[in-house]
């Protein structure tokens with residue numbers, strides 16, 4: 001009888017140790033997963049959890065935006081920009097220009113959820129880089145406003161290089177005509193904070 005109790009006790013201890021090891025292993029796997037999360041993945045997780053997400057974003061120049069993300073590229077996201085006075089516009093935000101996400105406690109938890117791989121890295125937009133998107137805007141001759149670290153400037157993109165773009169500066173609301181261009185600016189993409197369409 002005593003042997004049975006001893007074996008039962010040993011069996012219980014072994015199960016407890018195995019359960020503790022399994023919990024430790026799961027906790028370590030979760031720490032590793034969280035350590036590999038990118039800013040893009042966290043914003044994407046928030047968007048997948050609530051596609052009507054309104055997000056507060058602080059830019060590297062200290063400005064804060066209220067946006068509703070819609071499309072995610074490799075190093076950028078597109079969003080509806082809420083400019084307050086019932087005015088909305090579409091914008092492109094380079095991820096390098098984000099200094100902070102201003103999240104609620106619930107949003108923090110939601111941003112840590114694992115993103116579905118099919119909607120993340122495998123989609124076409126997820127492979128598009130910022131220069132590719134800017135080249136498309138250049139090809140369309142879209143008038144836009146660039147927010148850079150030194151301020152806002154309005155114009156039309158003439159060409160896009162690997163790490164810069166050429167902007168024909170002209171007055172907002174006017175088409176790009178040679179006679180209306182006041183200057184041509186070569187803007188390093190590292191200085192770009194926001195593209196507002």
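Only alpha carbons enter this Debye calculation for the range 38-126, each as an equal point scatterer, and the log10 of I(q)/I(0) it gives at q = 0.10, 0.11, 0.20 Å⁻¹ is -0.23, -0.28, -0.95.
Taking the number of Cβ atoms within 10 Å of each Cβ as an exposure proxy, the fewest-first ranking of 48, 15 is 15, 48. Which log10 I(q)/I(0) values, to two decimals, does the range 118-167 give at q = 0.22, 0.28, 0.30 Å⁻¹ under the Debye formula with one point per Cα? Log-scaled intensity ratios, in q order: -0.82, -1.05, -1.12. Between residue 74 and residue 186, the contour length at 0.36 nm per residue exceeds the Cα-Cα span by 38.0 nm.
With a 10 Å Cβ neighbour count serving as the proxy for reagent exposure, in which order, fewest first, do 184, 91 appear?
Lowest count first: 184, 91.
Where only DSSP H runs of four or more residues are counted, the chain gives -11000 deg cm²/dmol as its mean residue ellipticity at 222 nm, each run worth -39500 (n - 2.57). Counting only Cα atoms, the range 129-197 measures 31, 25, 18 Å along its principal axes, largest extent leading. With 0.36 nm allotted per residue and the present C-alpha distance subtracted, the residue 29-residue 179 stretch has 47.9 nm of extension available.
Readers should treat all values here as calculations from the given coordinates under stated rules, not as data from a laboratory. Here the structure is a predicted model, which means the values were calculated and not measured. For neighbour counting, all protein chains shown are included, and Cβ atoms are generated from backbone atoms with ideal geometry for every residue, glycine included.
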